[in-house]
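See below for the structure under consideration.
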Amino acid sequence: MSLLRRWFDPIRSSWFYQKPTRQEVLSTEHGLSVYLRLDDVYSYLAVQQLPQLEEILRDDLKPLKVIISNTSAEPPNAMTIEEWRTYTLNDAKILATQHRFSYDNEKPEQPTQEALQQAEVILKNTPLTGQNFLYLLEDVFHMLWQQQYGKLRTLFIMASKHQKPQNFPERVFNHTPVLESYFEFGGRKYHAVDDLLRLTRRLKQQKLLIDNPIFLINHIEWREHLMSDAEELTEIQAMHPELDLYIALEDPISWLLLAYIKEELANYYNIQLNLFPLSYHGRDFFDWSLATRLSKRTEVKFTPFCRPTKDSILNMAQLYYSVPEEQRIDAMYEILQAVWTRGQDLSFQPHFQKLQHDLNIEKLIDFDVEALLENNDRQCAEKHQPDFPVLELRIEGKRYVFNSLYRVWMIESIFSNVLEQKYKAENELERAQQEAEEQDLDGSNDEKREM
């Protein structure tokens with residue numbers, strides 16, 4: 001690692017962390033825009049919130065600008081188009097269940113090309129504006145994603161015969177590559193579902209809303225446990241859940257999430273953690289403001305840091321695999337803590353040796369560390385996830401795979417659903433037993449009467 005990075009990173013990161021991360025006022029000059037694709041399932045979830053959002057916007061941001069693209073961006077993390085589609089359909093099902101969106105839970109599928117073309121004509125030709133257009137937009141998305149193609153064709157015929165293409169500045173159809181739906185405000189992008197609460201907090205802070213935003217009511221905040229009932233908690237702990245974490249060591253999000261899960265969730269729910277460090281993925285070029293914001297929301301210390309390079313990753317992995325297996329979670333916690341809160345450069349021998357001493361490692365392993373990391377890479381790739389860290393939760397014989405800071409809430413949500421299903425099954429069994437006992441009693445009474 002260069003001397004510049006080793007000495008400048010800790011100074012720069014401390015300065016950046018201490019300065020206000022929230023710009024006091026974002027410009028309203030370009031209003032609020034939402035980017036959609038008719039064949040994007042996240043857009044389908046997003047449009048279900050737009051009429052309500054438009055209703056509480058101040059006039060400064062009205063009308064909400066809707067940009068509809070017919071072009072998809074490249075899938076992330078080297079996923080194929082089919083892998084990405086499969087992932088998004090499953091992920092949307094999870095979001096819909098958690099946040100109570102309308103969704104086809106039985107057999108979600110992409111709309112046909114013919115249906116997409118018909119929907120675009122309907123939306124281009126309609127003279128409706130403002131909230132009325134947003135309601136139509138929502139209805140059209142329902143027809144596309146619920147396979148209501150008869151209704152869609154009827155609207156298409158009417159729009160084709162009796163209307164002509166409209167030209168409204170707040171309604172744009174273009175070819176801008178859009179991977180998944182997002183909002184744009186003040187030059188910043190917000191994921192249409194995952195960042196909706198962050199966006200509305202920003203709008204409320206700038207007094208751009210006329211009423212309280214009530215969105216995603218089942219959202220689980222950091223450090224606020226979904227389950228606090230002692231009996232329910234004991235039941236989950238008795239199920240001995242396991243959580244595998246595939247982490248890129250040069251990614252600060254890995255440190256922030258590992259620290260949060262270890263400090264806040266692992267002991268609370270009796271989760272057995274298993275760590276699989278990955279080879280270098282270039283994640284040291286990250287969004288500093290996002291990591292800083294996450295640090296403050298999760299209450300996990302961050303900075304001064306010294307971003308690890310590829311050489312640092314190998315040294316970090318060597319330390320990790322040199323400790324006994326039962327001590328590795330604590331060891332990785334200390335390794336990442338040294339890098340991300342004490343500015344240690346583990347490609348620098350004095351820093352490496354000090355940490356080796358702190359971890360009580362007398363002898364380093366002589367295995368091929370790169371081969372170990374590449375094996376972890378292969379296992380991680382088999383999960384077909386678009387982002388890191390990748391998480392796999394196992395409980396009650398089932399496995400759940402998800403990824404990134406945006407899905408950590410799923411750990412507690414899954415626990416809640418597992419208990420709900422368990423109680424439901426127990427109630428059904430109890431009801432069946434009670435009915436059987438009543439039938440036996442009736443049969444016994446009949447026999448007595450015959451005697």
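The values are calculated or read from the model by the stated rules, or taken from the named source; none is laboratory data. This is a predicted model, so every value here is computed, not measured. Methodologically, a virtual Cβ is constructed for each residue, glycine included, from the backbone with ideal geometry; neighbour enumeration extends over all protein chains shown.
Among the residues of the range 66-95, which ones are basic (Lys, Arg) and in contact with a Pro (Cβ under 8 Å, 6 or more places away or on another chain)? Full working, then the answer.
Keep residues of the range 66-95 that are basic (Lys, Arg), which gives 85, 93.
Listed by number, the list holds a single entry, Lys93.
Within the set of pairs 6 or more residues apart or between chains, which connect a residue that is β-branched (Val, Ile, Thr) inside the range 330-359 to a residue that is assigned to a helix (DSSP H, G or I) with Cβ atoms less than 7 Å apart?
From residues that are β-branched (Val, Ile, Thr), the pairs are Ile335/Met316; Ile335/Leu319; Ile335/Tyr320; Ile335/Leu355.
For the range 285-352, give me every one of the helices (runs of 4 or more DSSP H) that falls completely inside it and has 1 or more residues that are acidic (Asp, Glu) and closer than 28 Å to Asp195 by Cα. So that I can check it myself, show each step before the final result.
Working: elements: 288-298, 310-322, 328-341.
Filter on the range 285-352 gives an empty set.
Do we have Ala92 as modelled with pLDDT of 95 or more, touching a Ser or Thr at 6+ places or on another chain (Cβ under 7 Å) and either crowded, with 20+ Cβ neighbours inside 10 Å or within 30 Å of Asn132 (Cβ to Cβ) (or both) here?
For Ala92, the condition - modelled with pLDDT of 95 or more, touching a Ser or Thr at 6+ places or on another chain (Cβ under 7 Å) and either crowded, with 20+ Cβ neighbours inside 10 Å or within 30 Å of Asn132 (Cβ to Cβ) (or both) - is not met.
Rundown of residues vs (1) in a strand (DSSP E or B); (2) crowded, with 16+ Cβ neighbours inside 10 Å; (3) in contact with a helix residue (DSSP H, G or I) (Cβ under 6 Å, 6 or more places away or on another chain), yes/no style:
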position: Pro10; (1), (2), (3): no, yes, no
position: Leu36; (1), (2), (3): yes, yes, yes
position: Pro51; (1), (2), (3): no, yes, yes
position: Glu54; (1), (2), (3): no, yes, yes
position: Pro63; (1), (2), (3): no, yes, yes
position: Val66; (1), (2), (3): yes, yes, no
position: Thr71; (1), (2), (3): no, no, no
position: Pro76; (1), (2), (3): no, no, no
position: Glu83; (1), (2), (3): no, no, no
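Has the range 376-391 got at least one residue that is hydrophobic (A, V, I, L, M, F, W, C), in a helix (DSSP H, G or I), out of contact with any Phe, Trp or Tyr (no Cβ under 6 Å at 6 or more places or on another chain) and within 30 Å of Phe8 (Cβ to Cβ)? Step through it out loud before you land on a result.
Start the filter on the range 376-391 by keeping residues that are hydrophobic (A, V, I, L, M, F, W, C), which leaves 380-381, 388, 390-391.
Restricting the remaining residues to those that are in a helix (DSSP H, G or I) gives 380-381.
Add one more test, that the residue is out of contact with any Phe, Trp or Tyr (no Cβ under 6 Å at 6 or more places or on another chain), and what stays is 381.
Retained after the next criterion (residues that are within 30 Å of Phe8 (Cβ to Cβ)): none.
No, because not a single residue in the range 376-391 is hydrophobic (A, V, I, L, M, F, W, C), in a helix (DSSP H, G or I), out of contact with any Phe, Trp or Tyr (no Cβ under 6 Å at 6 or more places or on another chain) and within 30 Å of Phe8 (Cβ to Cβ).
Can you spot a residue in the range 127-136 that is surrounded by fewer than 16 Cβ atoms within 10 Å (Cβ to Cβ), at positive phi, under 21 Å from the mean Cα position of the chain (by Cα) and not assigned by TED's automatic domain parsing to the domain that holds Phe402?
No: the range 127-136 contains no residue that is surrounded by fewer than 16 Cβ atoms within 10 Å (Cβ to Cβ), at positive phi, under 21 Å from the mean Cα position of the chain (by Cα) and not assigned by TED's automatic domain parsing to the domain that holds Phe402.
Is at least one residue of the range 203-213 surrounded by fewer than 18 Cβ atoms within 10 Å (Cβ to Cβ) and either in contact with a strand residue (DSSP E or B) (Cβ under 6 Å, 6 or more places away or on another chain) or of a type in the set (Phe, Trp, Tyr) (or both)?
no
For the range 191-202, name all the residues that are in contact with a helix residue (DSSP H, G or I) (Cβ under 6 Å, 6 or more places away or on another chain) and buried (at least 21 other Cβ atoms within 10 Å of the Cβ).
Ala192, Val193 - these are the residues of the range 191-202 that are in contact with a helix residue (DSSP H, G or I) (Cβ under 6 Å, 6 or more places away or on another chain) and buried (at least 21 other Cβ atoms within 10 Å of the Cβ).
Somewhere in the range 247-256, is a residue under 21 Å from Lys422 (Cα atoms), of a type in the set (Phe, Trp, Tyr) and assigned by TED's automatic domain parsing to the domain that holds Pro324?
No, the range 247-256 contains no residue that is under 21 Å from Lys422 (Cα atoms), of a type in the set (Phe, Trp, Tyr) and assigned by TED's automatic domain parsing to the domain that holds Pro324.
Do any residues in the range 27-47 that are under 29 Å from Asn90 (Cβ atoms) and assigned by TED's automatic domain parsing to the domain that holds Phe185 have Cβ atoms under 6 Å from those of residues that are buried (at least 23 other Cβ atoms within 10 Å of the Cβ) and among the acidic types (Asp, Glu), where the two are at least six apart or on different chains, and which pairs are they?
Asp40/Glu180; Tyr42/Glu180
Give all pairs with beta carbons closer than 6 Å in which a residue from the range 222-250 that is closer than 19 Å to Gln272 by Cβ meets a residue that is among the aromatic types (Phe, Trp, Tyr) and part of a helix (DSSP H, G or I); count only pairs at least 6 apart in sequence or on separate chains.
Matching pairs, first to second residue: Ile236/Tyr269; Ile236/Phe415.
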